[in-house]
Amino acid sequence: MENLDQLSPLQRAVLALKEMRAKLDAVEKSQKEPIAIVGVACRFPGGADNPALFWQLLHNGVDATTEFPAERWNIENYYNADPDKRGKIYTRQGAFLQNIDQFSPEFFRISPREAESLDPQQRLLLEVCWEALENAGQVPKSGSQTGVFIGIGQNDYAQLKLYANAPEQISAYDGTGNGLCFASGRLSYVLGLQGPNMAIDTACSSSLVAVHLACQSLRAGESDLALAGGVQLMLSPEVSIFLSRSKALSPDGRCKTFDAAADGYGRGEGCGMVVLKRLSDAMADGDNILAVIRGSMVNHDGASSGFTVPNGQAQQALIRQALKNAHVDPSEVDYVETHGTGTALGDPVEVKALGTVLGEGRTEPLMIGTVKTNIGHLEAAAGIAGLIKVVLSFQHEEIPPHLHFKQPSPHIPWDELPVKVPTAPTQWSSINKPRIA
């Protein structure tokens, strides 16, 4: 290599430009690096307490909807079939977890007294996060740059004490046991993690926004490992009463997505977590790579005809940008795990947006479905349930059946859109190209 002192000013300038170009290329590459999913864990309705049981539920087309458990609240005190009845809930059904009262606080170095004030959502997060790390074969060191990103939106457990009208029973532990910010913070505290930590509430998209932010953090170098997911439990009746007043719920507690009978959504609960690493790191470390996130995008509907009314144009813009970020052509996408809440308005808007963008250059129909037909709408944890379903579909090379699809919705122009709803287990081959969802 030539001595810099022997170079002319022009040669030095050219060399400096080359070095700067190389640095910029490295930065740009890191900002676009794919993210590997190296571990998953879950607790979902229907006894799906791990990924294997969850896949069994999906493959067999199980509907996990049941009556409200007696240990939550006395549904007889709140149920009324009249949707206009104030203070009442017009459905008796939803999709619930079992044994949410069971927890081993000593394992996480939590005293029994503090555990009493601990929101069961925090307990679930601790357990499922630990299981996700075990699934990934990862042991993050104390003090490591491991990020934690949690979607969470309700704190029903705090409502129980508030409405018990017993302020003298409130302890110092009730604040840290029930504040939403502490749900994510406790994970980093227990595991000694010093990467970014945040609780995210963007309503139904919370857990997927958590995954998006985790990917961004990994690409930016803020985190070297990331835990992302969401949790949702129904512990008091207030939210169901509000949703009944909004007429958002299905009377039979089921999401009949894309069907003519779609009449609202059924509430569900659960917890899901994924463990994420930069793809280059995962490959170098010999990790078991379950799936790869090549691109993601977040936006807001902005102005629409109503505060809770979806904006189809905004959805189209989101999909196009996500494809651009992932360097994926629309026709390469085989399957979309939709939001699909089962509403007469929301479903048609979403399907039209998907068909418009992903129909370009397509020779085979786009498969669409939603896990909500199995386990209900998990609200803050809905997105992570769908993501884990897709990861398992990759692993098993199969798209599981979409339930409650008997009469296609007349509000969706099926003949004009290249989409198909799989109602039976459908083989998902990767012989000619990678599976993309």
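Remarks
- Using the Karplus relation 6.51 cos²θ - 1.76 cosθ + 1.60 with θ = phi - 60°, the per-residue 3J(HN,Hα) values for region 166-182 come to 10, x, 5, 8, 6, 10, 4, 6, 5, x, 6, x, 10, x, 4, 5, 6 Hz, with x marking Gly and Pro.
- Whole-Hz ³J(HN,Hα) from phi, Karplus 6.51 cos²θ - 1.76 cosθ + 1.60, for region 260-276, glycine and proline x: 4, 8, 4, 9, x, 10, x, 6, x, 9, x, 8, x, 9, 10, 10, 10
- The chain: calculated mean residue ellipticity at 222 nm from DSSP helix runs of at least 4, using -39500 (n - 2.57): -11000 deg cm²/dmol
- Between region 37-79 and region 93-133, the alpha-carbon centres lie 16 Å apart.
- Under DSSP loop assignment and at most 15 Cβ neighbours within 10 Å, longest GluC sites (Glu not before Pro)-free interval of the chain: 72-221
- Linear extension gain, residue 170 paired with residue 111, 0.36 nm per residue minus alpha-carbon span: 19.6 nm
- For region 299-331 versus region 352-404, the inter-centroid distance based on Cα atoms is 17 Å.
- For the options 347, 101, 301, a Gaussian network treatment of the chain with springs between C-alpha atoms closer than 10 Å singles out 101 as fluctuating the most.
- Taking other C-beta atoms within 10 angstrom as a stand-in for reagent exposure, 329, 84, 281 fall in the order 84, 329, 281, fewest first.
- Partner lysines whose Cα lies under 17 Å from the Cα of residue 18, excluding those fewer than 8 positions away in the same chain, are identified as 29.
- Euclidean distance of C-alpha centroids, region 162-207 and region 238-295, integer Å: 21 Å
- For residue 304, net neighbour charge (Lys/Arg +1, Asp/Glu -1) across residues whose Cβ lies under 15 Å away: -1
- With R₀ set to 60 Å, the beta-carbon distance separating residue 309 from residue 8 gives a calculated FRET efficiency near 0.35.
- Antiparallel content of DSSP bridges confined to region 34-427, in %, to 5: 55 percent
- When the pairs 324/372; 88/372; 256/352; 141/277; 352/389 are compared against a 19 Å limit on Cα-Cα distance, 324/372; 88/372; 352/389 fall above it.
- Considering only 403, 227, 290, the Gaussian network model of the chain with Cα springs below 10 Å gives its largest mean-square fluctuation to 290.
- Choice from 327, 339, 59 with maximal GNM fluctuation in the chain (Cα, 10 Å cutoff): 327
- 5 angstrom amide H check on residue 398, placed H, neighbours 5+ away: 428
- Amide H contacts of residue 419 (H built 1.01 Å from N, in plane; Pro and chain starts excluded): 366 sit under 5 Å, all sequence-distant by 5 or more or on other chains.
- Under-5 Å amide H pairs with residue 329, H placed in peptide plane, nonlocal only: none
All of the numbers you see were taken from the coordinates with simple rules; none came from a lab. Bear in mind that the values here come from a model prediction, so they are computed numbers and not experimental data. Note that each Cβ is placed from the backbone with ideal geometry, even for glycine, and that neighbours are counted across all protein chains shown.
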